[in-house]
């Protein structure tokens, strides 16, 4: 989908606060309320906007653990089985397959370390494909942003 300067400006605003009215958004981007409504609906329908959600502070509900996984032997079957299990794991918020010495990085939220230890035993130690896992417990968040950086018109190749 081609995004023009208005679409990109709307996306930047919506990522910060998607509860703004179409009138308020229109004032900020220079469009009518109805034009904003049509554009936002098009962005939703096309999948550029995946969801409208409430962001919960994970630190208020337990601990965040970043876990690196290295497989014993890589194969399509190994990756697919592991990804399927991680998609179904409620405690895992993010799962990335990555390049380098590590195969997968997980970001999970757990009530406490005891719960994480049980999860490791059930999900990682019981999996013969997992050669090694390394856990990093987050003790302070320096930056957490859900917004995706969106280039302005001049950097996206459009006339300014």
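Does anything in segment 1-15 have its amide N under 20 Å from the 7 Å Cα→Cβ label point of residue 28, and if so which residues? Of the residues in segment 1-15, 3-15 have backbone N under 20 Å from the label point off residue 28. Helices in the chain, meaning DSSP H runs of at least 4 residues, each add -39500 (n - 2.57). Divided by all residues, the mean residue ellipticity at 222 nm is -10000 deg cm²/dmol. Exposure proxy for 113, 3: other Cβ atoms within 10 Å of each Cβ, ordered fewest to most, give 113, 3. Inter-label distance, residue 94 to residue 131: 2.5 nm, where each label sits 7 Å from its Cα along the C-beta direction. Residues 79, 144 in ascending order of nearby Cβ atoms (within 10 Å, fewest first): 144, 79. Here segment 58-137 is treated as a sphere whose radius is the Kirkwood value from Cα pairs; by Stokes-Einstein at 37 °C and 0.692 mPa s it diffuses with a coefficient of 257 µm²/s. Between the helical axis of 76-88 and the longest alpha-carbon principal axis of the chain there is an angle of about 70 degrees. Please find the FRET efficiency linking residue 50 to residue 142, where r is the Cβ-Cβ separation and R0 is fixed at 35 Å, and quote it to the nearest 0.05. Rounded to the nearest 0.05, the efficiency is 0.85. Using a Gaussian network model of the chain with C-alpha springs under 10 Å, which one of 58, 128, 111 is most mobile by mean-square fluctuation? The residue that fluctuates most here is 128. Of the options [x] 50; [y] 56; [z] 65, only one is percent of Cα pairs over 19 Å apart as computed from these coordinates, and that is [z]. Taking label points 7 Å from Cα along the Cα-to-Cβ direction, residue 42 and residue 76 give a separation of 3.8 nm.
In plain terms, the residue of 86, 1 with the fewest other Cβ atoms within 10 Å comes first and the most crowded comes last, giving 1, 86. Against the chain, whose longest principal axis is taken from its Cα atoms, helix 33-45 shows a tilt of about 30°.
Anisotropy class assigned to segment 5-45 is rounded, per the alpha carbon gyration tensor with a/c under the 1.5 cut-off.
We did not get these values from a lab; they are worked out from the coordinates using the rules stated. Please read these numbers as outputs of a predicted model, since none were measured by experiment. Every residue, glycine as well, gets a Cβ built from its backbone with ideal geometry; the counts of neighbours run over all protein chains shown.
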